[in-house]
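Report on the following structure.
The values are calculated or read from the model by the stated rules, or taken from the named source; none is laboratory data. A quick note: this is a predicted structure, and the numbers were derived from the prediction, not measured. Note: ideal-geometry Cβ built from the backbone for every residue, glycine included; neighbour counts use all protein chains shown. Just the protein is used for accessible areas: all its heavy atoms, side chains included, with ligands, DNA and RNA removed. Shrake-Rupley method; radii C 1.70, N 1.55, O 1.52, S 1.80 Å.
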Amino acid sequence: MISSWRRRRAAKRGGKLEQQGNENGEMELTVPREFRCPISLDLMKDPVTLSTGITYDRESIDKWIEAGNFTCPLTNQVLTCLEPIPNHAIRKNIQDWCVENRSHGIERIPTPRVPITSVEVSNILSKINVACKRQDGKGCRDLVLKIKLLAKESERNKRCIVTNGAGGVLSEAFLAFSMASSFDENVGVLEEILSALTRMFPLDVEAKGFLGSVPAMQCLVWFLSSGDLSRRRNAVLGLKELVSSSSSDNRRKLNELSETEGAIEALFKLIKDPICPTSTKAALLVVYLIIISSSTKEKQVRKLVNLGIVPLLLETSVDGERSMCEKALGVLDGICNSEEGRQMARDNALSMPVLVKKILRVSDLATEFSVSVLWKLCKNGKVEHGGRVVFEALQVGAFQKLLLVLQVGCAEKTKEEASEVLKMLNLHRNKMECVDPMDNFKDLKRPF
């Protein structure tokens, strides 16, 4: 914003003229002391006054208060109120000064929006509660939209809204309207509440309790199965927030989700036909938690294998970025706990090249998952299947990669699995010549 003036400390410049010549005779501009923030010493863009009467730039004083300081930085007096008041007079003077000095490259500061206060947030949330009790869908939707727009305006507004319990109120409202008999009439308000909730993450325990109830979860799955992209994205983000915590109630939520009709199919569709990377990663994480933690994980794995999850995971892992690759390999590792999953992985031409390529190439977690899948495919196969898998692994350079894994260090479980696979590979190593894994991998024809 300011391109041609040089900042001088107030102590060194006090009482001097605003404009003075430098050694080359050029005029330099000094910002008046009263227009500078006492904390940053920069020109104030949004001047606000504390209860002590000292004016600061809002961004600077907000950081000061959020850091746990409850005194005035300049006077060290205890603040009687933590809500600073906009100083319109100084802001107007700063804007006039900017206009007067535009020839020096000074741009006029825009008039800032007044941030929302805790009282205003509490008032809106109270109205949302009343609208829920009356089953006033239209009134509730308008209030939720107002909250969402205010949260969009600035990070400060969002923090204020979240701090005052918006997540719990919105989650309770979502549950209330999802339980209503006239569900079709409430789709609009439920969609708006869910959209606003995604801006309030992470949710507290109370909010997750409302959102994790059976009617609310069924509503989330319904949105996940709908054709609207925005609904599906928000629904999967809501499910991820709901089941990714380490609470004792998490297993119950995973069981209910896995048993909800259409949930697995909707998650698979979101991975197969991605909307955006964020929603794809969320869907992979939810699937991963279901197949390793739910009481019906064997049933869900069979369902996913029949849908064709294995080739989809391998394709996702080929060129996926780090986080995507880790999640896809994690799901594949869970799928390979079942014989159906292992058999489909053995029959896929991409399995060995992809798994070997990802070892020591993506991250420690990706390496652990890749070695684990390799171990399961080699260890748990029939004689003819296991032998074929071992030969394929040797062809793409698994022996050398696993030796490197042991040399560079890894988790104890991964080390044990790598050692076992190396013993199996060593039995057949003399029967064929190992080749560079990349030479084998580059000739594979991928279906995408």
Looking at the range 172-188, I want the residues that are open to solvent by 40 Å² or more (accessible area, probe 1.4 Å) and have a partner that is modelled with pLDDT of 90 or more with Cβ atoms under 6 Å, at least 6 apart or on another chain. Which pairs are those? Glu172/Phe210; Met179/Pro215
Asp347 fails exactly one of (1) touching a Lys or Arg at 6+ places or on another chain (Cβ under 9 Å); (2) open to solvent by 30 Å² or more (accessible area, probe 1.4 Å); (3) acidic (Asp, Glu), namely (1)
Kindly establish whether Glu392 is closer than 22 Å to Leu289 by Cβ, outside any loop (DSSP other than H, G, I, E, B), open to solvent by 10 Å² or more (accessible area, probe 1.4 Å) and in contact with a helix residue (DSSP H, G or I) (Cβ under 6 Å, 6 or more places away or on another chain). no
In the range 53-70, anything under 22 Å from Arg33 (Cβ atoms) and touching a strand residue (DSSP E or B) at 6+ places or on another chain (Cβ under 7 Å) is listed as Thr55, Tyr56, Asp57, Arg58, Ile61
Scan of the range 357-389 for residues that are open to solvent by less than 60 Å² (accessible area, probe 1.4 Å), in a helix (DSSP H, G or I) and modelled with pLDDT under 85, ordered by number: His385, Gly386, Gly387, Val389
Taking the options Lys327, Lys269, Lys299, name whichever one is open to solvent by 50 Å² or more (accessible area, probe 1.4 Å), touching a Lys or Arg at 6+ places or on another chain (Cβ under 8 Å) and assigned to a helix (DSSP H, G or I). Lys327
Would the range 195-204 turn up any residue that is over 30 Å from Leu313 (Cα atoms), part of a helix (DSSP H, G or I) and touching a Phe, Trp or Tyr at 6+ places or on another chain (Cβ under 6 Å)? no
Taking the condition crowded, with 21+ Cβ neighbours inside 10 Å and under 22 Å from Leu224 (Cβ atoms), does Ile275 pass? no
Residue check: is Ala282 open to solvent by less than 40 Å² (accessible area, probe 1.4 Å), in a helix (DSSP H, G or I), over 20 Å from Ala418 (Cβ atoms) and out of contact with any strand residue (DSSP E or B) (no Cβ under 8 Å at 6 or more places or on another chain)? yes
Scan the range 346-369 and report the pairs whose first residue is in contact (Cβ under 8 Å) with a residue 60 or more places away in the chain and small (Gly, Ala, Ser) and whose second residue is part of a loop (DSSP other than H, G, I, E, B) and open to solvent by 10 Å² or more (accessible area, probe 1.4 Å), with Cβ atoms within less than 9 Å and a gap of 6+ or a chain change. Ala349/Leu444; Ala349/Lys445
Identify all residues within the range 401-431 that are open to solvent by 70 Å² or more (accessible area, probe 1.4 Å) and among the charged types (D, E, K, R); write none if there are none. Glu412, Lys413, Lys415, Glu416, Lys423, Arg429, Lys431
How many residues are polar (S, T, N, Q) and over 21 Å from Ala235 (Cα atoms) if we restrict to the range 270-328? 5
Please give the number of the condition Ser245 fails out of (1) surrounded by fewer than 19 Cβ atoms within 10 Å (Cβ to Cβ); (2) in a helix (DSSP H, G or I). (2)
Out of all the residues in the range 257-266, is one or more acidic (Asp, Glu) and part of a loop (DSSP other than H, G, I, E, B)? yes
The condition from (1) surrounded by fewer than 16 Cβ atoms within 10 Å (Cβ to Cβ); (2) in contact with a helix residue (DSSP H, G or I) (Cβ under 8 Å, 6 or more places away or on another chain) that Glu339 misses is numbered (2)
Val287 meets each of (1) over 19 Å from Ser338 (Cα atoms); (2) of a type outside the set (S, T, N, Q); (3) surrounded by 15 or more Cβ atoms within 10 Å (Cβ to Cβ) with one exception, condition (1)
For the subset of the range 178-202 comprising residues that are within 23 Å of Glu259 (Cβ to Cβ) and modelled with pLDDT of 90 or more, which member is farthest from the chain's Cα centre (by Cα)? Ser178
